[in-house]
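Readers should treat all values here as calculations from the given coordinates under stated rules, not as data from a laboratory. Source: prediction; values computed, not measured. Heads up, the Cβs are rebuilt from the backbone with ideal geometry, glycines too, and the neighbour counts pull from every protein chain shown.
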Amino acid sequence: MASHRDLPVGLVNQLFQNNGSSSFTEFVSSYAPELLPRRGEVLATPIGDQVPHATTIVAATFAGGVIMAGDRRATSGNIISQRDVEKVFRADDYSCMGIAGTASTGIEFARLYRVELEHYEKLEGRTMSVQGKANRLATMIRGNLAMAMQGLVVVPLFAAYDPVRDEGRIFSYDVAGGPYERERFDAIGSGSIFARGSLKKLYRDGASVDDIVMTLIQALYDAADDDSATGGPDVNRKIWPIVSVIDADGFRRLSDDDVAGHVQQMLDARVISPDGPIAPLR
Amino acid sequence: MSMPFGYASPEQIMRDKADYARKGIARGRSVVVLQYVDGILFVAPNPSRALHKISEIYDRIGFAAVGRYNEFEELRLGGIRYADINGYTYDRSDVTGRGLANLYASNLGRIFTESIKSLEVEVVVAEVGETKDGDAIYRLTFDGSVFDEHGFAAMGGQAEAVATRLKERYRESMSLADALEVALTALTEPGGERPPVGQLEVAVLDRNREHRKFLRLTGARLERLLAQTSTPPPAPSSPPSGESAEGSGGGSTSGSKGDSKNDSKGESSGGSTGESPSGPPPTAPEGPLDDGSSPL
């Protein structure tokens with residue numbers, strides 16, 4: 001360790017050197033770069049199929065907020081590697097992110113992103129704007145592009161309550177970054193094609209929070225119905241989708257009992273109509 | 001052997017530095033930190049809404065400071081970086097107030113001994129625990145001494161007078177409204193007028209909150225709380241239990257403590273050194289009085 005005499009008199013630690021940026025990631029990249037998710041490394045062979053992948057995340061807005069839900073399955077190739085993985089993360093009091101793709105990298109991103117938002121908030125004494133949060137996440141995803149090319153793809157879905165507009169907002173990304181703001185609803189992951197089709201038919205403007213929760217649970221079920229990598233509700237093991245609601249009161253994750261009630265309702269209806277609710281033709 | 005021109009003894013240099021820092025700190029207004037039933041309360045008269053004296057460091061850790069704004073702001077930013085990097089490296093539960101207090105102590109102590117001018121700051125690092133036994137309040141002075149305070153701490157301005165008033169009224173497990181009342185009474189000179197709501201900076205570390213325990217009390221919420229405090233709580237019959245015990249001092253010398261004792265008696269500087277090690281905290285009410293004109 002360098003003697004403190006080599007450093008300028010004053011607060012003698014890099015912790016006290018102001019680099020003029022409120023970004024935690026930028027600070028870590030100079031202070032302890034090995035802590036950051038891998039960047040620019042070259043793998044001998046792509047390992048995409050050998051590590052667990054997280055799958056389907058759906059989100060939809062309601063008047064004055066947004067709801068995000070995710071299934072619980074992680075797969076490695078044809079193997080189900082975990083039945084109760086959590087893929088929807090609280091980012092701060094008014095936002096959350098869901099991840100699809102390489103689970104380990106995604107979890108690391110979620111952890112870093114949470115600190116990133118909080119770090120800015122504490123240093124600056126204000127909350128970052130919703131657009132600022134979405135842009136910050138885009139930069140993180142773009143930084144992972146080299147790894148994505150080798151099979152470690154991570155694609156997030158970001159949802160936040162915007163206090164300025166008093167509404168929920170949804171942003172999606174691709175492997176090279178983004179963000180792309182989405183109206184009303186969106187889905188990511190391997191089952192997203194089926195989930196989006198379901199949401200398109202079931203989403204109603206002006207629906208209540210309860211109805212939107214049901215819409216999302218239906219969409220996840222439809223995704224699990226047609227995509228082998230998406231897990232449906234596991235009644236025997238009591239593993240339910242994760243549902244998080246964000247509104248003016250902040251972030252809250254619905255309790256298992258609450259979600260179980262919605263799931264049971266849906267399953268009961270599907271006994272009669274296995275393909276789910278039927279949208280009116282005209 | 002002749003003395004080199006301009007020689008000053010190390011004792012004299014340290015004493016001068018300490019006096020300089022003490023004067024700077026005593027010029028501002030006081031800040032009070034005290035325990036209440038659900039956590040820790042911070043109260044600071046502060047006319048500025050932009051320049052905070054109280055802030056959040058991490059989930060369970062809060063920070064309060066008096067003295068020069070630019071100096072304690074650097075400490076605050078460094079503390080946030082320290083906490084965030086440790087929480088990210090290990091786990092969020094691995095960030096402790098004690099670790100942060102030690103980081104501050106070593107830096108303050110080093111600057112006090114090596115730099116021409118010591119920092120003119122006094123800092124409180126407070127941590128809220130799962131129960132009230134887990135709460136901790138560390139007060140750090142400009143020379144790097146750490147005081148592990150029990151129940152309450154006062155610093156800046158006429159710190160001793162404020163601490164005395166605080167000690168008289170402080171009781172364990174007060175409600176938030178009672179604790180705020182005690183803090184405001186301690187911060188107000190007898191017969192003086194209380195600062196208006198708009199000039200109060202109030203925050204709590206509330207152990208019942210989820211995730212981040214730190215919360216600023218502002219606007220309507222603070223006014224409602226102040227309305228509950230209109231009747232002062234009765235004076236306690238039993239002697240208060242609060243007293244400060246000195247912890248590991250980074251650069252504390254017995255000389256500086258002896259001095260502060262001298263100052264509080266109103267004697268001229270340059271008196272005897274090496275008095276009782278448990279003297280009053282080294283923030284003597286020397287220098288210009290706090291007339292409220294300073295923003296800090």
Exercise. Tell me, what ³J(HN,Hα) does each residue in the stretch B:209-217 have, in order and in whole Hz, if you take phi through Karplus 6.51 cos²θ - 1.76 cosθ + 1.60 with θ = phi - 60° and put x for Gly and Pro?
Worked result: 6, 8, 6, 9, 7, 7, 8, 7, 9
Seminar exercise, completed: Residue separation between B:ALA227 and B:GLN199 times 0.36 nm, minus their alpha-carbon distance, gives in nm 8.5 nm
Exercise. For chain A, what is the mean residue ellipticity at 222 nm derived from helices alone (per DSSP H run of n ≥ 4: -39500 (n - 2.57); sum divided by total residues; nearest 500 deg cm²/dmol)?
Worked result: -10500 deg cm²/dmol
Exercise. With labels modelled as points extended 7 Å from the Cα through the Cβ direction, what inter-label distance (nm, one decimal) is found for B:SER175 paired with A:LYS200?
Worked result: 5.9
For this session: Provide the per-residue ³J(HN,Hα) series for the stretch B:150-157, in order, calculated from phi with Karplus coefficients 6.51, -1.76, 1.60 and θ = phi - 60°, each as a whole number of Hz, with x at glycine and proline positions.
Result: 10, x, 7, 8, 10, 8, x, x
Exercise. For the stretch A:145-215, what does the alpha-carbon gyration tensor say about shape, rounded, prolate or oblate, given a ≥ b ≥ c as the root eigenvalues, a/c under 1.5 as rounded, and a/b over b/c as prolate?
Worked result: oblate
Exercise. Taking a 28 Å limit on the Cα-Cα distance, which of the listed pairs A:LYS133/B:LYS213; A:LYS87/B:LYS213; A:LYS122/B:LYS167; A:LYS238/B:LYS213 fall beyond it?
Worked result: A:LYS122/B:LYS167; A:LYS238/B:LYS213
Seminar exercise, completed: A student applying the Cα gyration tensor rule (rounded when a/c is under 1.5; otherwise prolate if a/b is larger than b/c, oblate if not) would label the stretch A:127-262 oblate
Seminar exercise, completed: With Cα coordinates, the longest principal axis of chain A makes an angle with the long axis of helix A:130-143, in degrees rounded to 10, of 80
Seminar exercise, completed: So for the stretch B:27-114, using the alpha carbon gyration tensor with a ≥ b ≥ c as root eigenvalues (a/c under 1.5 gives rounded; past that, a/b versus b/c decides prolate or oblate), I'd call it oblate
Exercise. Taking neighbour Cβ counts within 10 Å as the exposure measure, how do B:ARG169, B:ARG207, A:ARG184 sort from fewest upward?
Worked result: A:ARG184, B:ARG207, B:ARG169
Problem set entry | Residues listed by number, the stretch A:238-265, amide nitrogen under 20 Å from A:GLN82 label point at 7 Å toward C-beta | A:238-244, A:253-256
For this session: Pick out which of A:VAL88, A:VAL263, A:VAL58 has the largest mean-square fluctuation in a Gaussian network model of chain A, springs linking Cα atoms closer than 10 Å.
Result: A:VAL263
For this session: Would you mind getting me the FRET efficiency between B:ASP133 and B:THR164? Use the beta-carbon distance for r and R0 = 22 Å, nearest 0.05.
Result: 0.25
Seminar exercise, completed: Counting only residues 5 or more apart in sequence or on a different chain, those whose built amide H sits under 5 Å from that of B:LEU217 are B:VAL202, B:ALA203, B:VAL204
For this session: Give me the distance in nm between label points sitting 7 Å out from Cα along the Cα-to-Cβ direction at A:LEU36 and A:SER208, one decimal.
Result: 4.8
For this session: Hey, can you grab everything whose amide H is under 5 Å from the amide H of B:SER30? Only 5+ residues off in sequence or another chain; H modelled, so Pro and N-termini drop out.
Result: B:GLN158
Exercise. Between A:ARG252 and B:SER93, how many nm apart are label points set 7 Å from Cα along the C-beta direction?
Worked result: 2.6
Exercise. What relative contact order, as a whole-number percentage, does chain A give when Cα pairs under 8 Å and 6 or more residues apart are counted?
Worked result: 23
Exercise. How many angstrom separate the Cα center of the stretch B:29-88 from the Cα center of the stretch B:127-145?
Worked result: 12
Problem set entry | Calculated from backbone phi, Karplus (6.51, -1.76, 1.60) coupling profile of the stretch A:112-123 in Hz, x at Gly/Pro | 5, 5, 4, 5, 4, 5, 5, 4, 4, 4, 6, 5
Exercise. Taking GluC sites (Glu not before Pro) that fall in a DSSP loop and have at most 12 other Cβ atoms within 10 Å as cut points, what is the longest piece of chain A between them?
Worked result: A:42-182
Seminar exercise, completed: Relative contact order of the stretch B:79-159 (C-alpha contacts under 8 Å, at least 6 apart) in percent is 25
